[in-house]
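To keep things clear, I will list the structure first and then write my remarks on it.
The values are calculated or read from the model by the stated rules, or taken from the named source; none is laboratory data. Worth saying up front: this structure is predicted, and the values here are computed from it rather than measured. Cβ placement follows ideal geometry from the backbone for every residue including glycine, while neighbour counts extend to all protein chains displayed. Quick note on the areas: whole protein, heavy atoms, side chains included, nothing else; ligands and nucleic acids left out. Shrake-Rupley method; radii C 1.70, N 1.55, O 1.52, S 1.80 Å.
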Amino acid sequence: MTGRTRLTTTETVRDERSWLFTVRDQYDELDEVILVPCEEREVGEATADSADRQAADSADSGVEAWVNRCTHEAQRLDRGFGAAMRDGQIICPKHGSMFDACSGYCDNGDAADTTLPAVEIAVEDGAVYLTDDGYEFVHEGSIEDGGAEGGENGAGDADESQDDDDDMPSSTSHIGF
Ligand code: FES
């Protein structure tokens, strides 16, 4: 499926440290993805012009998306209350391997020499979009947060518009006090 889905804002990702959402992959399986802030570049004195800096800041996404699963074991990095992060690295809660938030690469611990599977996103005007053809956005939060799937049963089957309540015998049942 092509197209893109607006997920959240870069500001939210930075504020919350990680932003978890559920996707459906190409095999029709649900999976989880996290958006994390990537503050790789120190925008020191390099760009003199502040407009330039701002443009660079928003164009240079500052956010990356990774499948929410450690490469060592099937351990969620964000267990529903934000991923543990330190110095631009995502810390696996199980054995403590740390993954670079910008590259997804891990050079330490049990998950050493592996890279988190990346999910394609785009950032535009401070908004983050899912653009990966392999994933379809399902909902914000963990898989469980979606509850039972297909819970979207609106009042859809009231086709015959009988919206008046005339099923009461319209007699003279007038009870007054
Ligand atoms: S499960 Fe993540 S380092 Fe072991």
Give the long-range amide H neighbours of Ala127: residues separated by 5 or more places, or on another chain, with amide H under 5 Å away, using H modelled in the peptide plane at 1.01 Å from N.
Thr10
For the Asp87, Ala112 Cβ pair and Förster radius 22 Å, calculated FRET efficiency rounded to 0.05 is 0.80
Nonlocal amide H pairs with Ile90, under 5 Å, H built at 1.01 Å:
Phe99, Asp100, Ala101
Area of Ile121 that stays accessible when all protein chains are in place (1.4 Å probe, Å², to 10)
40
Probe 1.4 Å - accessible area at Glu32, Å² to nearest ten
10
Based on the Cβ-Cβ distance from Ala74 to Asp133, what FRET efficiency comes out when R0 is 22 Å, to the nearest 0.05?
0.35
